[in-house]
Structures are given as structure tokens and as C-alpha cells.
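Participant: Have a look at this one.
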Amino acid sequence: MKIGVFICHCGTNISATVDVEKVAQVTSKLAKVHFSTTYLYMCSNPGQELIKKAIKEKGLDRIVVCSCSPSLHEKTFRKCAEEAGINPYLVEIANIREHCSWVHRDKKEATLKAIDIVRLAVAKVSRDKPLVKTYVPIEKRVLIIGGGISGIQSAIDIAFAKYPVTIVERESSIGGRMARFDKTFPTLDCAACILTPKMVTVSQSQYVTIYTCSEIEEVSGHVGDFKVKIRKRARSVDINKCTGCGACYAKCPVKVSAKFDMNLGLRKAIYVPFPQAVPNVPVIDRQNCLWFSAKNASGGTKKACGLCKKICNFGAIDYDMQDEIIEEKFGAIIVATGFTQFDHSVYGEYGYGKYKDVVTGLHFERMASSSGPTGGKIIRPSDGKEARDVVFIQCVGSRDEQKGVPYCSRICCMYTAKHALLLKEHNKDAQAYVFYIDIRAAGKNYEEFVKKVQDEYGAIYLRGRVSRIFEKGGKIIVRGADTLSGAQIEIKADLVVLATGLIARPETVKLAQMLHIPYDQNRLFTEAHPKLAPVETVTSGIFLTGACQSPKDIPDSVATASAASVKALGLLLQDKLEKEPLIAKVDRNLCSGCRACVVACPFNAIDMKEIEDRALKCKRDVAEVVEGVCTGCGNCTVVCRMSAIDIEGFSNRQIMEEIEAL
Amino acid sequence: MIEELRNKARELLKTKQVEAVIGYQRASDGLSAIPCVIRSEEEAGRLIWDAACVYNLCGYLKDFRAKKLGIVAKACDVRAMIVLISENQLNRDDVFIIGMECCGVVDEKRARVSGRDGSDISSADKCKSCASCVPLAYDCLIKEKREKAKVSEDADKDKYEPVRKLEAKSLSEKSKSWKDEFKRCIRCYACRQVCPMCYCPRCVADQFMPVWFSKAGGIEGNFSWNVARAMHLAGRCIDCGECERACPVGIPLRDINRKIEKDIKELFGYEAGMKTDAKPFLACFDKNDPEDFIK
Amino acid sequence: MINPRTQELKNSRAESWEPKIAAFLCNWCSYAGADLAGTSRREYPPNIRIIRLPCSGRVNPLFVLKCLMDGADGVLIAGCHTGDCHYSEGNYYARRRFAILKKLFEFLGIDPRRFQMAWVSASEGDKWVKVVKELVEEIKKAGPILAKS
Amino acid sequence: MTLRILLNRVKTDTLLKKNMTKFIKKEDLYKLLNSFLKDFEIIGPKQIANKGIFYEPLESIEDLYLGELFAIEPAKKFFLESSECLFHSGFLDGKATVQDAPLPDKRRIIIGLRPCEAKGLILLDKVFDSEYKDRSYINNREKSVIVGLACAKPDKSCFCTSMDGSPTGSRGMDVLLFAVEDGFIVEIYSDKGKEAFSSLGKEPDEHQNKTLSAYKQKRSELIGKNFKVPGDLSPIFESDYWDKVSFPCLSCGVCTYLCPTCHCFELVDEGRKMYRCNDGCAFSNFTLEASGWNPRPTKKERYRQRVFHKFDYFKKIFGENLCVGCGRCIRHCPVKMDISEIVSNAPSGAGK
């Protein structure tokens, strides 16, 4: 074994405090070290040439570069070694800059420490093994979970690159939350006007498959090769036969509250949630449909309704439709499951549920929508009269560690301002009062928008909390404090709108477990790095977009959607995926099959496999690493008592050798 | 009780429910027991059961892979089997547990070092703090005929009191006493071989790439071996006390095992050998695990 | 048995003893934190020798044992704060393991100051410096490990 | 006191023509041993609470235990050390170096050895001091005076008489002590022993002489186990008897490590030092080859090996069983296996 040691001056960054020549001289005498030299800038081209030349001329078979942190130039020197004909994994970096010359002043001490650091690196490199990068094939298709604006945007981007993409949407139409909004801040674009074209685009793209009424059932596999089971719930309407003529729901005799309209209006038992739905195919609500309730109630003896089936000219109604499980493979997954509203019933003082005229922002959106249940009138749900004095309360659930979530939901300040504006636009006589803690309007033209609402639309902003809401004489009395003036305030309101926070959907935990991606204490999915990898997860091949990662407004959701698509496309553009070979490896002879590693692996990268043991003449289970999934964290190596499992590049032997050299 | 046991063994072998029964027979000295394997009805008469049946027999199960076996087992032995089942080392369907109600076994170790035959020695220490004389799981239970089918009056007492006493000693006292203990270790690995949990195909002590700790019998190597053994039993040891009993040089290994057992119970609320579907203690975590020792 | 290296140390330490401390750092947080201490030119005692590992969950208790038995006067394990692990869970496993080991060491008469753990994030260069300074001070008080055996 | 010849080890030619017999009072013996403490390392059995008897270098003669109980480990460990450094290698200025480990120079008196253990040393001599001369073993032998103690009460596991030994045997001893009522009768067999012990005590009187011969006869009769080892075990090598009897074996090292005659070792290369450490044929990896192949894969082969080595192979080469009947492997076996029973019950002939 011939080890070469290359010591970098790094200008004077290292050589000012470390006597590099001394380091070279001492380390050249270490066992197995064949050659040792210094250079002003090892990472520079001449420096790398020097290394390559030494490798060839001195016949070195592994090298230690003593320079800066491996996070900076480990890759550089690996490549350099590879170009000189050495396996790139027979390179170790001795960090004598960040961990030595920059943190010590005494030259003698620093030099001694540098020598020790190099000795450790020499010890490690002497146990390095040549490793070969592994490659995994890629299934060139993307799965998008969630068909809101984030999912739609991602699908459009991926389809634009001509890669097949599948959207799985739980509801009967894509569109998500945005489809329920009236206008969008701060530009006051009509939400439908900007969303609907995108919905149509995806639905018409030959590259996009949309599964509505569908959910993810099971995910296995790994980046490049995810195997996904999708449950398509029975829609009871054949999506291929239906033309969307609407005859069925016109005829349907059953009327129930429309969830889409926040129960402010009614819909039929066979329905499309909103006129622009994609696909424009109705779904039968089996709970409320007379045909199904008759069938379920008395074993089919009662006369069933069946009107929709009779009226449909295309034979699209299928009462016998069953749930269907589809199994497909994908190379990457984009999670765009969005958010849900905070359940503010925990705030007894706001009287939600008790008073019909205390509603949430989303109710307001539906009322404001001209295609909504009130035809664009802001009314009091209790008596249907037009609301005049409206109190908006911000931070309901947000920024409240006791009853709600600790974080700021980011969009409520803006949508409340928008509501205050819309209120005035819908009713010139109306007056908006806004109770707030702080106004957070960081965003392009956001602050200006809030200002406009206050100045031009006369919304009265009151800094303070509401202490109590009660009904008196057909009015909602809102009592609170204006902390700026110190005055107690009582407002006789027609309507109270709560700006409820955005929280994770309850199913996120289940999904996170299926996908093996982490989530935080608020059940929001955790990005791989909060700054540098905001749309990636720690599981490679799975990306995040939209409010499932943290509350986002529409522009941010769209931006992350495109970011996630680029990341996914980056993957798909590879012929095969290169994987660092620094992963776990099992020695079957040592493995007892106790499964501790299987349990402890944070990535489910270890499976059990039955093998024929020729020595024991029996079959036994041993652990097997799924190379594509293993990230090389090394947790398995420690739970393995027999050390049958080891990590390449940070192997037990390497580390023990380092410790011995301490 | 013995006849009941023998009859059960005969029945199991006759009906071919099991291929063999692992149990105890009388040793050459006429007093002690020795593990035996009974393969036919005729041999079943050799089986015995009394307070001399100290050994934990589940270690022998690995000699018979994938065969249906009967095994004579006390409460503590069954807990060991539960761990083995949870660790995929034993298939519950492959064993027929002949559970023995147990009133405690003799302190074979004390008898041996004091040159006595054991008949006049009281129950082993482990039995004094044993909470149950009936195994947690069994396929048939052979009941103790004697009146006093109770394990011990001390069972309700704080079973970790001896550990607490040791903990309370000063650091230098502890250091000195354990060095004295470990320097005696002859690395015969009887503690490992007798342990039902030590089933690794090759123990870390026997590996040489890397050499995990010194094999030469110095204090460093001995210390390391004993710590490694203890750590590898963390959350798995069911306190059958076999290691301490087998140790020829009298290292109080149970003190170490129980120290860990106590910490695990007090800090993490985990006890080994209670459930067959338990996750290995060190291969799982709780987000609320204590971390006051971390800066 | 004392290996030649420890014998050497023993001899060299007779006059002016300076503790030697092994530190296992996770690559993603603590190693980067120590890098940051360097980038910000924060000075700290030179007694620490860093072994880089992917994760604090990679630290085998046997590594710690080996360090102490081979003559390191102290061992430090540093990893990401809980919840920040690059591998999402590795440090949780480490925390559990070393809670047990630390207590066991103390039970067997090893000064608890000799084996410590810290969470140091990539942005906590200052914390890294503080941890090292305190550790070196404490181990100086505990004295050379070989003097005890 | 100068002890010139004590530096030479026992050899036949240094044995006295005629044994000397002395009577020493207990106090006088202890006084004498105390006076040796200055020049010698005195090693003797010591009783440790709850653990039993251990040979240890004594700091005070008061700790010496000369009672009935047997030491757990044999005194073998002072001759064939359980782990000893053979040589160190190094790397100096780019060159490899190898250096023999230094041999200890301290002279020792080892007291309290039982006749079986002393005989064990004679058997070890056949291996380490015959054709092959082991530097360290021979040094340890040469530097030691062996003062034995005749067994007062054999244990139920003892079977020395079946191994051509006796509870009062003198083979391998420099001096043998017989504990009698008010002191010790001392038999001195070698120059070394003479030099150390002849200065003290007096000739035994007639009563004491009678006591001594009665003692010798009586003790042999107390041995409960008596059997004859089959002359040749090789016909039953393939017998399934070994399968049956090896079943309880745990494959630990108790029997081999505690045996006064077992001497298998492994070489361990650690931190640039080469150590010779105890090893035992019961361990499953004892014969494990680098390829992964193990010629003795199960307990059967391993236990058979132990029996054959002791009662067949060694006998064929050196004319004696490699067993002294001390009973340690029976007494301390964690599962009470009894080699005496297994050997005596071995089927004769090639039958299955």
C-alpha cells in the first residue's frame, strides 16, 4: 500500500498557523505513507496536476489531501484521483483548516494537532475500499398526490417537458381550495378565471392522467422505482361515457347541503361540485342517493329511485361500480396534498356553531363568489339579510400555542384585507372591522394592498383580541379591546368572519408513513433542508409543494410547484440514477436475522431474505439492503450486535483504525 | 409433579406433537440436574423436576432448527423465549412449552464455591425478586403440588435495591471494585455461551476485522468485553441470572444487567420479554426520550 | 494490556499532561458546526480529535469504549438537534443508546465527565466552541484516564 | 539469605536422593514465608468472599488459605499465562522492527498447589519443554519454587486416582505440605525445596510419621470416582455416543481454561504486539478457517476432540492421559457435564 499525503498551504490560511513542511516531514514517516508533499493551493489546477503526477510517478494507490473541510473539496479530489486512475473512494480529506489552522493561534500546538489529524486520515484511508458507484433505472413517470393549484401547476410543467404524469385527487374534481375562492389578493383576479384554464390544460394534455375520487393506498420501492397502489373509489358514473350534459342532476330529486359551498347552499345526490369541474362528470353521493338508501335499507325490496339512470342517454350511470385498485410505477412523487382549516370550535368565546352569523373566511369566499350559493351577496346565514357591519377576527388558531398552532398561517392577514375590500365592493354601505395582532403583509404589493383597504375602503383595523361574542337583539355583539387606544370596544355586528389558520390535513401522518417522509410537530411535511432544499424531502425522489409543507399563498404554491417539477424532471432526465456507494452492506455469514436493522432503518431500506445456509443445512432469514433506498446513515450498523451490517466508506474497520491512531 | 411431567412428555412424543423434549435429568453427582434431550417415550422416565433444575434451556433450541420441540420451562425461561420469538430466532409454533410452576431454584453457584452440595442452600438470588412462579406463556402448565407455590416474600420489595446501593457508592469505590472484578475475568465466555440471548453467529469478541476490543486478558479488554456484553443485552436481558451463575470467577454480572434493566425501566418504561411483538428496545425510540444528559 | 500507543502517551504525559479527546461528529450538523467555528475564526483548545461520521446514530458504543480503553481521556458525541437529523431519526436512536451507556459507565466507575454528548447544529459554531471549551476544562479536572487504572 | 540454586528449575537431577521430612508449626511456616516476601513474589490461594479460592500474589501471608477448598483456577496461569506478549513490532523511520517481549525476572514461590496441579505442570513440560522449548514457559518454570499442599478432603468431582495420581502425590513438587493437627509435615523433594525449607522445623517424631502414612493412605480412599480409561478410543471415533453426550455442552471455555493441563492458545495481533492467549477446543470458532469452513462445526466434534486429545492422542504420543483428575471441569461446568462419566461410559469397540 502506497499512501500519498498532499498538504495544502491554502495561501496562508493553513500555513500561517500550521508548519506544513513539518507536517509533510513527520507524516512521510508514517507506516504505509510513501510520499508526502505540500503545495500552495492544492485545489487549483496546478495543485491537482501535482497530485495526478505524484500518483503516476510514485505509484501511489490512495491519497490523503490535507486541506479544507471535506464539504468543500472532497468531490474535487475524488475526481482528481479518478482522473489519475485511482478509485475515487480511496481518497480521504484531513481537515486542517476549519478544524485546525483557523481555530488555533499557537503554531506549535496547531502543527501537532494537524499531524494528528493527518494521522487519523491516513489510518482511515488505509482501510478504504475501492467502491463503484451504483446505478438504478428510472421509471420515467411522475405521480402527483393532490389536484389543487400546486398539483395542477406541477402536472402542467412536467407535461410540458413531455413526461407522463398522474394526478391523484381525493375529490370528484381537481381544483382544490382555489376553486372555492372568489378573488385573489392582491390583484383581485377572479380565482376561477385564472384556475380554470389551467384545469382545462391538464385535462386535455396527452401526458396527464387524472384519477379523481382516488387515494393512495400503498407505496413501496424507492427513487426511480416507486410502486404505488391507488384506490379509485366508485364514482357510480362511467367517466368515459358521461358527456357532462347535466340531465341527471337536473332530474335528481334529492337535495342536500353542499360541502363545496360550506353548506350555505344545496346540491343534488348526483352532482358536480362546481360548474367548471374537471372532469365534468357527476358523482353519486351514495349516502344520500335514494337508489342506494333503498337498496341498503330493506335488501332491495323497497322501490328504488333510479331516475338518473333512466334519464341518462349515454348509459353512464353504473350503480354497481366497485372501488378499483390501480397499481402503477413512478420514478418520482410530488406531494401536493394542501391544507385544511383550523377547527376553531375550541374557541368558545367566538361562539362558532352557536351563532349562525359567525362564519369562517371560506364561508365568506363562497358568499362573495358570484357563482356561489348567495349569488355574490354577503348575507347573514341566520336570516339571509344582507350584512352591513362585519367584524373580521384574525389569528384564529394561528400563533396560539395553547389552543391552536404556534406558527403564523401567513395568508390570513391578506385574505382578511381582501374580504374587507370585497365586502365594500359588494355593499357600499357596509363597514368592516378587523381585529388583528399584527399585520403581516410581506409580499409583492401586499402591504400596499392592506393600506388601500384601510385608506380607500375604510376598513377599521383594531389591534387587539376579541374577548367575547354574544347575540343580542338579532345582532352579534363583539366585545374586545383596542390595545392601541386602550379602549374597550363593543361592536354590534351583522356578521363575524373568523380568519381561521391553515393546518395539516389529518391524513398527513398516514401518508408520511407510507412515503417514509418526516413531518413536524404540526404534522406538516418536513423539507430536506429549510433553506437549501425546500421542496425536497430526505427521501430521494419525493418532493413537496404547496401548503402541505407550510402555509402558502397561491403565488408561493405555484412557485414551489414549478420548483418541485424541475426537481422531478431533473431526475427523469437521467438515463439511470447514480447513487453514492456509501451505503450499508450485509455479511450474511454474520447475520442472525434478528430484524433489529429492519426495525431501526429510518428509510425501510432493509428487507429480510430467506437463504439456504449450507453450513447449517437449513433455510434462514438474513437482512438484505435495498441499494436504491439506503442513504448510508449507519444506524443499522449499531443496532446490529454482531456487526453483520456495515457502511461502506464509514466502515467499522475504518473508524476503529482511526480510533487506534488517536 | 415429576410423573405428570414425564407423562406429558410421553404423550407429546407418542402423538408425534413434538420430535423431542428438552428437559432435565439427574447429573452424575446424584443431586444436580443436567440438560437432556428426550427423543422417545421410553427415555421420558429420565426427566426430573426439582429445585436443582436451574438452567435456562432455551439456548438449546437453536440446535434444532425448524423442528417441533417440547421444552421444560420455568417462568424466567419463558421470558427468554418471548425475546427470542420477538427477535425472529424462534418460531412459537415450533415449540411446545411445558410450563413449570416454580418455587425457586437452588443457588448452585454458592453451593459450588462453598464446596457444599446445594441441598442446604437457599433459593438463588434471582428467585428472591421473581414476581411470578407461573410462566407468561405455555402450552401446558404443570402445577406445583406443594402448598407454598409462592415464589418469595421479598417479591414485593424494591427489586433494584442492591443496584441502588451500588450506585450510591463513590466513583472511586466503584472504579476500584469493578476493576478488581474485571481483572479476574478469564474470558472463558461462559457468560455468553450460557445466555439465551447470545445467539450471534459470530460474537464481536471473536471478530478480528476489526478487533473491537483487546482479546488479550488485560483489564482494558476485560472491561470492554463486559461492557459490550451488557450493552448488547440492554433491553433484552430477562434476568435469568445464568451468566452470573456460570461465571467461574464470580463476577457479579447480574448487578450490571440489572443496572441497565433498572435504567431502562425507569427512564423508558420498557421491560424485556413481556410481549412477542415487542420492538427491540435499542432499535426504536420515542421522541420524548430523556435527553437531560445532552448539552 | 496497554497498547504501545497508550504507553507512549503515559510516558509523555508524566510531565505536562494535556487531555486528548475523541469527538464523533455527524457530518451534516455538528461537523458543519465545527467548520463554521473555523470559518468564523473562533479559537478553542486543541485537545480535540474529530472523527467524521454520517450521523450520530452511526456511533457504536464500542467506538466509545475503544477510545477510553485506548487512552483517550474523554469522548464527545455531537449530532443534530432532535428533529433536525439529516436521516430524520438517527439522533433519536443515539440518544437512547448513550443514555444507557452513560449511566452504565458511571455505575462501573468511569467519571461521567469523560463521556459527553451535545447537539450542535450547522449554525452553532459558537456552541461548538463552548462545548469544546467546557469539555476540555472538565476533563482536565478529571485527570488523565491512565492514572486511574 | 541467599538462595543460589533456586534459580534453577526442578529437574530429575536436582531431585534429592532421599526425601527430607520435617515438621513445622503453622506460625513458623508463616514466619518463614514472611521472610521470603522480600526476595520473592509469593503466590498462594486466597479466599475471596462469595467467589471462592483464587491463586494470587500475596501482599500479606495472613491472606494465605491452606484449607480444604480447591482453588477455582489452577496455578497453570502462572506458567502458561492466559495471555502473554511474545514480541512487539514497530515502525521507526520508515522501517519495520521486531523485538522479543522481555521476560520477567522476579523469582516466585508458589504455595498451595495440589498434587494434581503440580502433575499438570509435568504434563505441560512435555509440550513446552521437550522438543520445542518455549522461552517464556521455561522462564516461568525456572523462576518458581513449588510448595504443594496435600489434599485434606477430596471433592466429589475429584478422580485423580483414576489418572494415576494421588491426593498426596509428589510429582512436580519441590516441597509438599501435609496439614496435621498443630502444624504441617513437610516433605522436601528437591534442592530448591531443601534450600528454602531445611533451615526450619525439626524431624517429625514417630507419632507424626504414623500420622503421615495414615494420611497418605486414607486420602486416596476418599476419592469417590474410580474408573478405567479405555485403552484406545479410536474405534469409537465415529460413534453417535459423542452426539448424545455432547448435547448439554454450551461451547464455553470453562473446562479448558480451568484445566491444569489444557494448553491450546491462539495468537492475537494487537496494537503491534503479538499475544499468545488462551483458547479452547470447545469454542465454535476454534477451528474456523479463513475460508469460512469449520472442520468441527458442531458440539459433537468439539467435545469429542477434547476427550480424544486428553485420553487418546496425548496418551499415544506422551504415554500419559492429558488429565490429572482435578475435577475442575466437572465442578465448574455451567451445565454439570462430567467428563469422567463420559469417558468411563464410553462404549468399547467400534459399535455404534
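Participant: State which residue pairs qualify: first residue in contact (Cβ under 8 Å) with a residue 12 or more places away in the chain and inside the stretch A:34-52, second residue of a type in the set (Lys, Arg) in any location, beta carbons under 8 Å apart, and separation of 6 or more residues or different chains.
Facilitator: Cβ pairs passing all conditions: A:His34/A:Lys2; A:His34/A:Lys58; A:Phe35/A:Lys2; A:Phe35/A:Lys58.
Participant: Taking the stated definitions as given, is D:Leu250 of a type in the set (A, V, I, L, M) and within 12 Å of another protein chain (Cβ to nearest Cβ)?
Facilitator: Numbers: of a type in the set (A, V, I, L, M): yes; within 12 Å of another protein chain (Cβ to nearest Cβ): yes.
Yes: the conditions hold for D:Leu250.
Participant: Quick check on the stretch A:99-112: of everything there that is free of Cβ contacts under 8 Å to residues at least 60 places away in the same chain and surrounded by 23 or more Cβ atoms within 10 Å (Cβ to Cβ), which residue is farthest from A:Val64 (Cα to Cα)?
Facilitator: A:Val103
Participant: For residues that are of a type in the set (A, V, I, L, M), at pLDDT 90 or above and part of a loop (DSSP other than H, G, I, E, B), tally how many sit in the stretch D:142-166.
Facilitator: Residues flagged as of a type in the set (A, V, I, L, M), at pLDDT 90 or above and part of a loop (DSSP other than H, G, I, E, B) within the stretch D:142-166 amount to 1.
Participant: Can you pull out every residue in the stretch A:640-654 that is small (Gly, Ala, Ser) and within 9 Å of chain B (Cβ to nearest Cβ)? Walk me through it before giving the result.
Facilitator: Step one: filter the stretch A:640-654 for residues small (Gly, Ala, Ser), giving A:643-644, A:649, A:651.
Result: A:Ser643, A:Ala644, A:Ser651.
Participant: Regarding B:Cys188, is this residue in a loop (DSSP other than H, G, I, E, B), at pLDDT below 85, among the hydrophobic types (A, V, I, L, M, F, W, C) and surrounded by 21 or more Cβ atoms within 10 Å (Cβ to Cβ)? Break it down stepwise before answering.
Facilitator: Details: in a loop (DSSP other than H, G, I, E, B): yes; at pLDDT below 85: no; among the hydrophobic types (A, V, I, L, M, F, W, C): yes; surrounded by 21 or more Cβ atoms within 10 Å (Cβ to Cβ): yes.
No; evaluated as a whole, the condition is false for this residue.
Participant: Next question. On the given criteria, is B:Asn288 of a type outside the set (Gly, Ala, Ser), closer than 23 Å to D:Glu73 by Cα and more than 7 Å from every other protein chain (Cβ to nearest Cβ)? Break it down into steps so the answer makes sense when it comes.
Facilitator: Working: of a type outside the set (Gly, Ala, Ser): yes; closer than 23 Å to D:Glu73 by Cα: no; more than 7 Å from every other protein chain (Cβ to nearest Cβ): yes.
So B:Asn288 does not fit the description; no.
Participant: Among the residues that make up the stretch D:306-316, is at least one of them among the acidic types (Asp, Glu), free of Cβ contacts under 8 Å to residues at least 40 places away in the same chain and more than 14 Å from chain C (Cβ to nearest Cβ)? Spell out the reasoning first.
Facilitator: Step one: of the stretch D:306-316, the residues among the acidic types (Asp, Glu) are D:312.
With the extra rule that they be free of Cβ contacts under 8 Å to residues at least 40 places away in the same chain, the set shrinks to none.
No.
Participant: Condition test on D:Cys323, is it within 11 Å of another protein chain (Cβ to nearest Cβ), among the hydrophobic types (A, V, I, L, M, F, W, C) and either crowded, with 19+ Cβ neighbours inside 10 Å or more than 17 Å from D:Lys228 (Cβ to Cβ) (or both)?
Facilitator: no
Participant: With the condition being farther than 30 Å from A:Asp520 by Cβ, I'd like the helices (runs of 4 or more DSSP H) fully within the stretch C:27-119 carrying at least 3 qualifying residues. Outline the logic, then answer.
Facilitator: Numbers: elements: C:30-39, C:61-69, C:90-107.
Once the helices (runs of 4 or more DSSP H) in the stretch C:27-119 are filtered for at least 3 residues that are farther than 30 Å from A:Asp520 by Cβ, what remains is C:61-69, C:90-107.
Participant: Which ones in the stretch C:71-82 are buried (at least 23 other Cβ atoms within 10 Å of the Cβ) and either more than 10 Å from chain A (Cβ to nearest Cβ) or within 23 Å of A:Cys640 (Cα to Cα) (or both)?
Facilitator: C:Asp73, C:Gly74, C:Val75, C:Leu76, C:Ile77, C:Ala78, C:Gly79, C:Cys80
Participant: Within the stretch B:208-229, which residues are modelled with pLDDT of 90 or more and more than 7 Å from every other protein chain (Cβ to nearest Cβ)?
Facilitator: B:Asn222, B:Trp225, B:Asn226, B:Arg229 - these are the residues of the stretch B:208-229 that are modelled with pLDDT of 90 or more and more than 7 Å from every other protein chain (Cβ to nearest Cβ).
Participant: Moving on to the next point. When the residues of the stretch C:41-67 are filtered to those that are surrounded by fewer than 22 Cβ atoms within 10 Å (Cβ to Cβ) and in contact (Cβ under 8 Å) with a residue 60 or more places away in the chain, which remaining residue is nearest to C:Glu18 (Cα to Cα)?
Facilitator: C:Asn47
Participant: Between A:Asp383, A:Asp320, A:Asp400, which is assigned to a loop (DSSP other than H, G, I, E, B), without any contact (Cβ under 8 Å) to a residue 60 or more places away in the chain and within 28 Å of A:Glu490 (Cβ to Cβ)?
Facilitator: On the way: A:Asp383 fails: without any contact (Cβ under 8 Å) to a residue 60 or more places away in the chain; A:Asp320 fails: within 28 Å of A:Glu490 (Cβ to Cβ).
So the residue among A:Asp383, A:Asp320, A:Asp400 that is assigned to a loop (DSSP other than H, G, I, E, B), without any contact (Cβ under 8 Å) to a residue 60 or more places away in the chain and within 28 Å of A:Glu490 (Cβ to Cβ) is A:Asp400.
Participant: Residue check, B:Tyr160 against (1) crowded, with 17+ Cβ neighbours inside 10 Å; (2) within 28 Å of D:Glu270 (Cα to Cα), all met but one. Which one?
Facilitator: Every listed condition holds for B:Tyr160 apart from (2).
Participant: Residues D:Arg302, D:Arg328, D:Arg306, D:Arg296: which one is in the same structural domain as D:Leu250 (by TED's automatic domain parsing) and over 20 Å from D:Pro235 (Cα atoms)? Don't jump to the end; show me each part of the working.
Facilitator: Working: D:Arg302 fails: over 20 Å from D:Pro235 (Cα atoms); D:Arg306 fails: over 20 Å from D:Pro235 (Cα atoms); D:Arg296 fails: over 20 Å from D:Pro235 (Cα atoms).
Just a single option satisfies the conditions, and that option is D:Arg328.
Participant: Taking the stretch B:233-261 as the search range and keeping residues that are assigned to a helix (DSSP H, G or I) and of a type in the set (Lys, Arg), which one is farthest from the other protein chains (Cβ to nearest Cβ)? Give the steps one after another, and end with the answer.
Facilitator: Our first condition is that a residue be assigned to a helix (DSSP H, G or I); within the stretch B:233-261, this holds for B:242-246, B:253-261.
From the residues that got through so far, the ones that are of a type in the set (Lys, Arg) too are B:245, B:254, B:258-259.
Details: B:Arg245: 7, B:Arg254: 12, B:Arg258: 10, B:Lys259: 5 Å.
Looking at residues that are assigned to a helix (DSSP H, G or I) and of a type in the set (Lys, Arg), I get B:Arg254.
Participant: For the stretch C:126-141, enumerate the residues that are within 12 Å of chain B (Cβ to nearest Cβ), crowded, with 19+ Cβ neighbours inside 10 Å and more than 15 Å from C:Arg41 (Cα to Cα). Write out each step before concluding.
Facilitator: Within the stretch C:126-141, the first condition is being within 12 Å of chain B (Cβ to nearest Cβ), and the residues that meet it are C:127-128, C:130-135, C:138.
Restricting the remaining residues to those that are crowded, with 19+ Cβ neighbours inside 10 Å gives C:127-128, C:131-132, C:135.
The answer is C:Val131, C:Leu135.
Participant: Out of the residues in the stretch D:268-300 that are over 20 Å from D:Val254 (Cβ atoms), free of Cβ contacts under 8 Å to residues at least 40 places away in the same chain and in contact with a helix residue (DSSP H, G or I) (Cβ under 8 Å, 6 or more places away or on another chain), state the one that is nearest to the other protein chains (Cβ to nearest Cβ).
Facilitator: It comes out as D:Gly271.
Participant: Now a separate question. Please list, ordered by residue number, the strands (runs of 3 or more DSSP E) wholly in the stretch A:568-619 having 3 or more residues that are touching a residue at least 24 places away in the same chain (Cβ under 8 Å). Walk me through how you get there before you give the answer.
Facilitator: Numbers: elements: A:576-579, A:584-586, A:606-613.
Those strands (runs of 3 or more DSSP E) span A:576-579, A:584-586.
Participant: While we're here: For B:Leu12, only one of the following conditions fails: (1) more than 11 Å from chain D (Cβ to nearest Cβ); (2) loosely packed, with under 14 Cβ neighbours inside 10 Å; (3) not β-branched (Val, Ile, Thr). What is its number?
Facilitator: (2)
Participant: Looking at the stretch B:18-33, which of the residues that are without any contact (Cβ under 8 Å) to a residue 40 or more places away in the chain and touching an Asp or Glu at 6+ places or on another chain (Cβ under 8 Å) is surrounded by the most Cβ atoms within 10 Å (Cβ to Cβ)? Full working, then the answer.
Facilitator: Initial filter on the stretch B:18-33 (without any contact (Cβ under 8 Å) to a residue 40 or more places away in the chain): B:25-28, B:30, B:33.
Pick out the ones that are also touching an Asp or Glu at 6+ places or on another chain (Cβ under 8 Å) and you get B:27-28, B:33.
Values: B:Ala27: 22, B:Ser28: 20, B:Ala33: 25.
My answer is B:Ala33.
Participant: Counting only residues that are among the aliphatic types (A, V, I, L, M) and touching a helix residue (DSSP H, G or I) at 6+ places or on another chain (Cβ under 9 Å), which one in the stretch A:43-78 is nearest to C:Ser30 (Cα to Cα)? Let's see the steps before the verdict.
Facilitator: Kept after step one, since they are among the aliphatic types (A, V, I, L, M), are these residues of the stretch A:43-78: A:50-51, A:54-55, A:60, A:63-65, A:72.
Okay, now just the ones that are also touching a helix residue (DSSP H, G or I) at 6+ places or on another chain (Cβ under 9 Å), so A:51, A:55, A:60, A:63-65, A:72.
Details: A:Ile51: 30, A:Ile55: 33, A:Leu60: 32, A:Ile63: 25, A:Val64: 22, A:Val65: 21, A:Leu72: 16 Å.
The extreme case among them is A:Leu72.
Participant: So, one more: Out of the residues in the stretch D:301-316 that are among the charged types (D, E, K, R) and farther than 13 Å from D:Leu123 by Cα, state the one that is surrounded by the fewest Cβ atoms within 10 Å (Cβ to Cβ). Walk me through it before giving the result.
Facilitator: Pass one, the stretch D:301-316, residues among the charged types (D, E, K, R): D:301-302, D:304, D:306, D:310, D:312, D:315-316.
Remaining after also requiring farther than 13 Å from D:Leu123 by Cα: D:301-302, D:304, D:306, D:312, D:316.
Details: D:Glu301: 16, D:Arg302: 22, D:Arg304: 24, D:Arg306: 24, D:Asp312: 22, D:Lys316: 11.
Restricting to residues being among the charged types (D, E, K, R) and farther than 13 Å from D:Leu123 by Cα, the top hit is D:Lys316.
Each row is one residue, and each column tells you yes or no for (1) within 10 Å of chain B (Cβ to nearest Cβ); (2) of a type in the set (Val, Ile, Thr); (3) out of contact with any helix residue (DSSP H, G or I) (no Cβ under 8 Å at 6 or more places or on another chain).
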| position | (1), (2), (3) |
| --- | --- |
| D:Phe40 | no, no, yes |
| D:Ile43 | no, yes, no |
| D:Asn50 | yes, no, no |
| D:Ile61 | no, yes, no |
| D:Gly67 | yes, no, yes |
| D:Phe70 | yes, no, no |
| D:Ala75 | no, no, no |
| D:Phe79 | no, no, no |
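Participant: OK, next. Collect the residues in the stretch C:25-44 that are more than 7 Å from chain A (Cβ to nearest Cβ) and at pLDDT below 95, keeping them in residue-number order. Even if it seems obvious, please write down each step before you answer.
Facilitator: Keep residues of the stretch C:25-44 that are more than 7 Å from chain A (Cβ to nearest Cβ), which gives C:25-31, C:33, C:36, C:40.
Within the stretch C:25-44, C:Cys26, C:Asn27, C:Trp28, C:Cys29, C:Ser30, C:Tyr31, C:Gly33, C:Leu36, C:Ser40 qualify.
Listed here are the residues, each with its yes/no results for (1) among the polar types (S, T, N, Q); (2) over 19 Å from A:Cys100 (Cα atoms).
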| position | (1), (2) |
| --- | --- |
| A:Gly4 | no, yes |
| A:Cys10 | no, no |
| A:Thr27 | yes, no |
| A:Ala31 | no, yes |
| A:Phe35 | no, yes |
| A:Pro46 | no, yes |
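The values are calculated or read from the model by the stated rules, or taken from the named source; none is laboratory data. Keep in mind it's a predicted model, so treat the numbers as computed, not measured. Every residue, glycine among them, receives a Cβ derived from its backbone with ideal geometry; neighbour counts consider all protein chains shown.
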